[in-house]
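Undergrad: Structure below; questions to follow.
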Amino acid sequence: MSPLIAPSMLSADFGNLDNQVEMINNSSADLIHLDIMDGLFVPNLSYGFPVIKAIARKARKPLDAHLMIVDPDRYTEKFAELGVKYLSVHYEACTHLHRSLQKIKSLGMKAGIALNPHTPVNNLYDILPYADFVLIMSVNPGYGGQQFIDNSLNKIARLRKMITDMSLNTLIEVDGGVNLNNAPLLTESGADILVAGNTIFGSDNPEGIIRRLKGEEL
Ligand code: DX5
Ligand code: ZN
């Protein structure tokens, strides 16, 4: 099965935002990944609502927002209003994760749990039936262009087994350091959605890279 591809706007050229979104619209990408950082949960700031609005106005692919912020429930309604379809919050940032997921779903969005590299997938045992997708961070969140952490492949395989054993339909998204070498291994291990920033936007032929990440021969 070929994976869904979610280009991460963090690596896009923000001086040329409309063209960058148009490139994604015209490509075989499936989602547009938005990285929201608050300088507290992660040691970096990214972009906020005015930029998301500008992307949303132009986008013809569903928006997938990844919240790397503390107390994300404060903004759930706002992301729904902006037309976000997939919203993930960090396991490590939510004291009442079940409530956070229910709130996301009640507003018509797909609810995701994002996991830092050090958080075991086994911790998801009791919450997994309430999530539409799990985002496995394969780098420490905060920056684009980092090196893939190899143990992520084991985590994905273990999570895939949990999902199968529990007869769930939960999707697995992988985020960080995804490239043309590890993409086939990620898909084999059970990933459904591959996020890629640097690999796509750092290329002269981003649309070709998106097709190759999907496993197409060019
Ligand atoms: C990192 C973000 C990622 C990042 C991925 O905190 O969550 O989505 O943009 O970038 P690459 O693909 O360059 O590692
Ligand atoms: Zn992300």
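The values are calculated or read from the model by the stated rules, or taken from the named source; none is laboratory data. Not measured: the values here are computed from a predicted model. Note that each Cβ is placed from the backbone with ideal geometry, even for glycine, and that neighbours are counted across all protein chains shown.
Undergrad: For segment 115-127, which residues satisfy the criterion of being of a type outside the set (S, T, N, Q) and surrounded by 15 or more Cβ atoms within 10 Å (Cβ to Cβ)? First the steps, then the outcome.
TA: Within segment 115-127, the subset of a type outside the set (S, T, N, Q) is 115, 117-118, 120-121, 124-127.
Leu115, Pro117, Val121, Leu124, Ile127 - these are the residues of segment 115-127 that are of a type outside the set (S, T, N, Q) and surrounded by 15 or more Cβ atoms within 10 Å (Cβ to Cβ).
Undergrad: Quick one: how many residues across segment 117-146 are among the polar types (S, T, N, Q) and over 24 Å from Phe201 (Cα atoms)?
TA: 3
Undergrad: Can you tell me which residue among Ile32, Ile5, Ile55 is of a type in the set (Val, Ile, Thr) and without any contact (Cβ under 8 Å) to a residue 40 or more places away in the chain?
TA: On the way: Ile5 fails: without any contact (Cβ under 8 Å) to a residue 40 or more places away in the chain; Ile55 fails: without any contact (Cβ under 8 Å) to a residue 40 or more places away in the chain.
Unique residue meeting the criteria: Ile32.
Undergrad: Find the helices (runs of 4 or more DSSP H) located wholly in segment 164-218 whose residues include 3 or more that are free of Cβ contacts under 8 Å to residues at least 60 places away in the same chain, within 16 Å of ligand 2 (Cβ to nearest atom) and farther than 24 Å from Glu22 by Cβ, and list them.
TA: none
Undergrad: Here are some residues: Val84, Val70, Val89. Which one is within 16 Å of ligand 1 (Cβ to nearest atom), surrounded by fewer than 17 Cβ atoms within 10 Å (Cβ to Cβ) and modelled with pLDDT of 95 or more?
TA: Val70
Undergrad: Determine whether Glu173 is of a type in the set (D, E, K, R) and within 16 Å of ligand 1 (Cβ to nearest atom). I'd like the intermediate steps shown before the answer.
TA: On the way: of a type in the set (D, E, K, R): yes; within 16 Å of ligand 1 (Cβ to nearest atom): yes.
For Glu173, the condition - of a type in the set (D, E, K, R) and within 16 Å of ligand 1 (Cβ to nearest atom) - is met.
Undergrad: Let me ask something else about it. From (1) buried (at least 18 other Cβ atoms within 10 Å of the Cβ); (2) in contact with an Asp or Glu (Cβ under 7 Å, 6 or more places away or on another chain); (3) part of a loop (DSSP other than H, G, I, E, B); (4) not acidic (Asp, Glu), pick out the condition that doesn't hold for Gly112.
TA: Of everything listed in (1) buried (at least 18 other Cβ atoms within 10 Å of the Cβ); (2) in contact with an Asp or Glu (Cβ under 7 Å, 6 or more places away or on another chain); (3) part of a loop (DSSP other than H, G, I, E, B); (4) not acidic (Asp, Glu), Gly112 misses just condition (3).
Undergrad: Can you list residue pairs whose Cβ atoms sit under 7 Å apart, with the first residue in segment 99-115 being in contact (Cβ under 8 Å) with a residue 60 or more places away in the chain and closer than 14 Å to Pro72 by Cα and the second being surrounded by fewer than 23 Cβ atoms within 10 Å (Cβ to Cβ) and among the charged types (D, E, K, R)? Count only pairs 6 or more apart in sequence or on different chains.
TA: Going by the 7 Å Cβ cut-off, the qualifying pairs are Gly112/Asp132.
Undergrad: Select from segment 125-142 the residues that are at negative phi, within 16 Å of ligand 1 (Cβ to nearest atom) and in contact with a strand residue (DSSP E or B) (Cβ under 9 Å, 6 or more places away or on another chain) and list them in ascending order.
TA: Residues satisfying the conditions are Phe133, Val134, Leu135, Ile136, Met137, Ser138, Val139, Pro141.
Undergrad: Within segment 17-72, count every residue that is in a helix (DSSP H, G or I), more than 16 Å from ligand 2 (Cβ to nearest atom) and under 24 Å from Ser203 (Cα atoms).
TA: Kept after step one, since they are in a helix (DSSP H, G or I), are these residues of segment 17-72: 17-25, 49-58, 72.
Filter once more, keeping what is more than 16 Å from ligand 2 (Cβ to nearest atom): 17-23, 25, 49-50, 53-54, 56-58.
Applying the additional criterion that residues be under 24 Å from Ser203 (Cα atoms) yields 17-23, 25, 54, 56, 58.
Counting residues in segment 17-72 that are in a helix (DSSP H, G or I), more than 16 Å from ligand 2 (Cβ to nearest atom) and under 24 Å from Ser203 (Cα atoms) gives 11.
Undergrad: Test Gly48 against the stated conditions and say whether it is modelled with pLDDT of 95 or more and on the phi > 0 side of the Ramachandran plot.
TA: Taking the combined requirement at face value, the residue does not satisfy it.
Undergrad: Condition first: on the phi > 0 side of the Ramachandran plot, surrounded by fewer than 18 Cβ atoms within 10 Å (Cβ to Cβ) and modelled with pLDDT of 95 or more. Can you find one or more residues in segment 17-32 that meet it? Working first, answer last.
TA: Restricting attention to segment 17-32, the residues satisfying the condition of being on the phi > 0 side of the Ramachandran plot are none.
Taking every residue of segment 17-32 in turn, none turns out to be on the phi > 0 side of the Ramachandran plot, surrounded by fewer than 18 Cβ atoms within 10 Å (Cβ to Cβ) and modelled with pLDDT of 95 or more.
Undergrad: Considering only residues that are away from ligand 2 (no atom under 15 Å from the Cβ) and either touching a Leu at 6+ places or on another chain (Cβ under 7 Å) or of a type in the set (Phe, Trp, Tyr) (or both), which ones fall in segment 133-162?
TA: So in segment 133-162, the residues away from ligand 2 (no atom under 15 Å from the Cβ) come out as 147, 150-151, 153-162.
If the condition is that a residue be away from ligand 2 (no atom under 15 Å from the Cβ) and either touching a Leu at 6+ places or on another chain (Cβ under 7 Å) or of a type in the set (Phe, Trp, Tyr) (or both), then Leu153, Ile156, Met162 are the ones that fit.
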